[in-house]
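The structure appears right after this line, and notes come after that.
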Amino acid sequence: MKLITHIIVAFIASQLLVPLAADELTPQELEFFETKIRPVLVKSCYECHSQQAAKNNELKGGLRLDTRQGILRGGESGPAVVLGKPDESLLLSSLAYDSFEMPPSGKLSDVILADFRKWISTGLADPRLKASGEEKETVGINVAEGRKFWAYQPLEYTLPSSSWTTATDRWDSVGNQIDGFVIAKLSGANLQQGPLASREVLLRRLTFDLTGLPPTVAAQNAFLFDTSPIAVERVVDELLARPEFGQRWGRHWLDVVRYADSITLRGFLFPEAWRYRDYVIGSFNEDRPFDQFVRQQISGDLMSADGYRQRQEQITATTFLTLGNSNLEDQDKAKLRMDVVDEQLDTIFRGFLGQTIGCARCHDHKFDPIPTKDYYALAGIFRNTKTLNHSNVSKWIEVPLPLAETAENALRQFEAESGALQQRITELQGKVDTDQPLTAASLAGIVVDDEQAILTGLWQRSASVKSYIGVGYQHDFDKGKGDKTALFQTPTGLDGEYEVRFSFAAASNRTKALPVTVTHAAGKTTVIVDQTVTPPIKNRLISLGRFSFKANDRAQVLVETTGTTGHVIIDAVQFLPIAVADEQAKESNVVRDEQRDAAELVNLTSQLKKLTARQPLHPLVMSVQEEEEIGDISIHVRGDVHNLGGAAPRGFLQVLPISTDIVFTGKESGRHELGEWLADRDNPLLARVFVNRIWHWLFGTGIVRSVDNFGATGEPPSHPELLDYLAQRLQQNQWSTKNLIREIVLSRTYRLSSVMNEESIDVDPENRLLSHMNRRRLDAECILDAMLSVSGDLDRRMGGSEITAAAKNDYNYQHSSRRRAVYWPVLRNSVAEVMDVFDFANPSMVVGQRDVSASAPQALFMMNSERVMDLAQKTSRMYLNDPRLDDTQRVKHLVQVAFGRAATPPEILLFTKFLDDDSLSDVTKEQKLTQLIQTIFASVDFRYVY
């Protein structure tokens, strides 16, 4: 038995490493190679290790890296790669400078090394395969021939002649034109559509698909007893009108545009990204025409607007361009700028048109009719668009949003008032020395600093308030009153009259009655000093009086803390000869002016603080700007920003049949023109790609399964005429997303049962012909939202940021919100566990189709997650706190809420028996019910729609 197991394991492992032909690569593998591997090989390796290098007699070490076979064959040192074993592969050790040091021009980054490690570990997926084992030289792209490919052809369809209505089903049996296309395909395969889903199943499917939440018991009962022939239409229209629709469908779109609230580098947070998320949700709720939606995201800041609200929306829409996960620390800013452009183009063209244009950055596209010149014609548009402010660590751009006229006026008034105050404060600060320490040497007479004072008790040195003399001052902690004194005395005796001045740094927490005693020739004089008031002389010194001193006696000033409340401050004592004091008195006007200025400064500073507290809000948003210098760029040879080739005037993809006579100027980047070109009705891809996404989000798979790739390496459509019919319907209905969704979900095809029959399994095992509905697992957001909804703990507030005020970066962020998952921060370094476990989209990539896995970690999460257990407990308490319910009623209601259907008799029996089990005497009813609810949360019926 062990031998058989080893053989099976070895066989499976060997199959994983079988060389893959180009047409066997998955779209993800192909994209990884074309974006992560080939550009590096072309730029850093081909010069010495390629067919061209061999032709030039410059091949090094006999190693070819321009074909897969060449890598496996290796050179003089042996094979360059051991499949699946990066640590044993000479290629990786050379790139890491652990053996040979390649490329000799400099070690590649850790990110690139990680990409090569992944490439080798996963089997070296590589499209560069030919029968001869050598890749042919590129001969150029025939764009005219490329236009014959189905994706670039104009929208075209013929309505099928087959009937798409039936009278065999009892309720709402009429379908629509969509069913004609589906039935025609089925008939060609001698298959028929199956039965319709039950009302319970259909309502749960519709409610999750359109709102992302489970149907309420009230909604279930209303639909089940609605005998109207338009019952389904009524439900669909109600669901489309709910604000939850935008939350559900907005989240779909956020996958496509790689939305995130942070960047991987240092975990920097995007504090304003949520505005774009809310714009997207609002756009779906308002049914914003999709062509307008596209234009706004490309060039909203350049579009005219009808009022400030539309202007706000249009600027916010351009946040789309700023969300890429860039390396802001890259010191090669020219490369960083082009990396940002490349990421923007990749997102736009895969997201809107299903085109993998990024492959053309280094060379003509290997599979699609996209020359490198077309790539740089488009890149020039975004190279003229400023996305980052560059410094050592570059920074995204934030711009103020336009406001309503009243708000703008209030803001202008605030800016005028605060500006005037700040200007006067600046002037006074130049006259009044308020925050710079003074040295003792800069003062006349004899100065005894606190460092020279004789102290009793514990004092604390400080320099937080800058108006002091010397290196700081000391305070008494506002403790130990009566135990602390400070004696300031001159080093030698004084002879004659002196003005004695005491220095301290005033503040509101100081004592208001500090006894300061001067010992002089006539005895002792005690002066009470208020240390909350700024001293009048240089904002530091207060005069204690004029006193006579004898030559043989040292002058003394004693500070005592007895009876004081508040902090006692000691800084310095100045003994100023009367002659000098009289001279300064002649300048009393200057002193008074300084005192008056100091008082005014305090007053104005207080006014500015109060005014700032009432400052009108002026929200910021992430956006882009036009560069100051506009122009075309050159082709970057092999993608190298420092190796420029011929000019590439700004333009669009030649392969698309869109007539344009646009002339780009030196005044604008060309983004406005690009937005118009993308949304042109003659562009067949924009509508095709979007309706295919809608179909995928409703059926679990697209008419074109490779939803982000409509190129040669993608899959052809299963129902090409249906795809074009839907695309034209979208355009005919003013690009209304809601109208298209309504038409699809009211089709008979959408309302089919997910139960399969043997005939369809044999003929069409993947259900590409749609004889029945696909059973689908809920995504992470729906699972979380459903648990929150069932527990009664769902916070339905809309909009705004959920990033906690204490968060400084996205590392180890604690997700604890009770709101819908669409409002949870999407943090690239700290994706919430429930999202990660249930296949959340990679927020750094265009993801039109999430992975859907069934794994042990998912089961473990539902069993052990504190969040799941907490929600189960809240649900349990909610049911137990309702005195009207017994166990049977609790079970019935719970199943109906969780599964969207009535509980079956076996379920009622099983669940009530568990709750009544007396053998669990040490377990409370709440604990039993909590365990039962957690089991329901983890069940297939809760996590799937049928």
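The values are calculated or read from the model by the stated rules, or taken from the named source; none is laboratory data. Quick caveat: nothing in here was measured; it's all calculated off a predicted structure. Counting neighbours? That spans all protein chains shown, and the Cβs are built from the backbone with ideal geometry, glycine included.
General remarks:
- Odd one out for residue 498 among (1) touching a helix residue (DSSP H, G or I) at 6+ places or on another chain (Cβ under 8 Å); (2) free of Cβ contacts under 8 Å to residues at least 40 places away in the same chain: (2)
Here's the yes/no breakdown for (1) within 13 Å of residue 352 (Cβ to Cβ); (2) of a type in the set (Phe, Trp, Tyr); (3) buried (at least 23 other Cβ atoms within 10 Å of the Cβ); (4) not assigned by TED's automatic domain parsing to the domain that holds residue 30:
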position	(1), (2), (3), (4)
657	no, no, no, yes
661	no, no, no, yes
669	no, no, yes, yes
690	yes, yes, yes, yes
695	no, yes, yes, yes
714	no, no, no, yes
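- Scope the range 289-313; condition outside any helix (DSSP H, G or I) and either crowded, with 22+ Cβ neighbours inside 10 Å or not acidic (Asp, Glu) (or both); matching residues: 289, 303, 304, 305, 307
- Only a single criterion out of (1) at pLDDT below 90; (2) within 30 Å of residue 311 (Cα to Cα) is not satisfied by residue 400, namely (1).
- Boolean, residue 461 is touching a residue at least 40 places away in the same chain (Cβ under 8 Å), among the basic types (Lys, Arg) and in a strand (DSSP E or B): no
- Out of 364, 374, sole residue that is of a type in the set (Asp, Glu) and assigned to a helix (DSSP H, G or I): 374
- Consider the range 884-921 and keep the residues that are among the basic types (Lys, Arg) and part of a helix (DSSP H, G or I). The one that is surrounded by the most Cβ atoms within 10 Å (Cβ to Cβ) is 890.
- Residue 826, sole failed condition from (1) among the β-branched types (Val, Ile, Thr); (2) crowded, with 19+ Cβ neighbours inside 10 Å; (3) within 30 Å of residue 717 (Cα to Cα): (3)
- Filter result for residue 545 (under 19 Å from residue 584 (Cβ atoms) and surrounded by fewer than 16 Cβ atoms within 10 Å (Cβ to Cβ)): yes
- Filter pass, residue 146 being at pLDDT below 95 and on the phi > 0 side of the Ramachandran plot: no
- Test set (1) modelled with pLDDT of 90 or more; (2) surrounded by fewer than 18 Cβ atoms within 10 Å (Cβ to Cβ); (3) more than 31 Å from the chain's Cα centre (by Cα); (4) closer than 20 Å to residue 337 by Cα - residue 635 fails condition number: (2)
- Selection status of residue 942, among the aromatic types (Phe, Trp, Tyr), at negative phi and either within 28 Å of the chain's Cα centre (by Cα) or surrounded by fewer than 19 Cβ atoms within 10 Å (Cβ to Cβ) (or both): no
- Test: residue in the range 861-877 that is among the aromatic types (Phe, Trp, Tyr), more than 35 Å from the chain's Cα centre (by Cα) and either crowded, with 17+ Cβ neighbours inside 10 Å or assigned to a loop (DSSP other than H, G, I, E, B) (or both): no
- Filtered by the rule that a residue be in contact with a helix residue (DSSP H, G or I) (Cβ under 8 Å, 6 or more places away or on another chain) and either assigned to a loop (DSSP other than H, G, I, E, B) or of a type in the set (S, T, N, Q) (or both), the range 75-92 gives 77, 79, 80, 81, 82, 83, 84, 85, 89.
- Taken as a whole, the structure places residue 748 among residues that are at pLDDT 95 or above, in a loop (DSSP other than H, G, I, E, B) and not hydroxyl-bearing (Ser, Thr, Tyr).
- Hits in the range 656-689 - residues which are more than 19 Å from residue 344 (Cβ to Cβ), of a type in the set (A, V, I, L, M) and in contact (Cβ under 8 Å) with a residue 40 or more places away in the chain: 687
- Tabulated pairs, the range 764-781, first over 25 Å from residue 211 (Cβ atoms), second of a type in the set (D, E, K, R) and surrounded by fewer than 20 Cβ atoms within 10 Å (Cβ to Cβ), C-beta under 7 angstrom, 6+ apart or interchain: 771/764
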